[in-house]
1. Could you please give the count of residues in region 25-49 that are outside any loop (DSSP other than H, G, I, E, B) and β-branched (V, I, T)?
2. Suppose the filter is at pLDDT 95 or above and surrounded by 10 or more Cβ atoms within 10 Å (Cβ to Cβ); does Q17 pass it?
3. Exactly one of these conditions fails for A22: (1) assigned to a loop (DSSP other than H, G, I, E, B); (2) modelled with pLDDT of 90 or more. Give me its number.
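The values are calculated or read from the model by the stated rules, or taken from the named source; none is laboratory data. Treat the numbers as computed from the prediction; the structure is a model and nothing was measured. Using ideal geometry, Cβ is built from the backbone for each residue, glycine included, and neighbour counts are taken over all protein chains shown.
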Amino acid sequence: MTKTKTAISLNESLFAQADAIAQEMKISRSELFSIAMEEFIERRQNQKLLETLNEIYKDGPDPSEQQLLREVKPKYRQMFEDEW
């Protein structure tokens, strides 16, 4: 994987906390920031996906979907009751 070097500015308190965590984890600050960015990007992508799904389903199920739900609900309930 190709790496790009960058410079960032942080307030001293955040830098000190990051430095302490990196030392505790026995990794470099660069690795810590990479991990943090990967997690942030994943959360952001998940949030955007959730927003898209909420937009798609904001009106709720249409009448045919409502009928299907009414039909399958007793079947699913029975499946779970049989398992327990």
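1. Selection size over region 25-49: 2.
2. Yes; evaluated as a whole, the condition is true for this residue.
3. For A22, the exception is condition (1).
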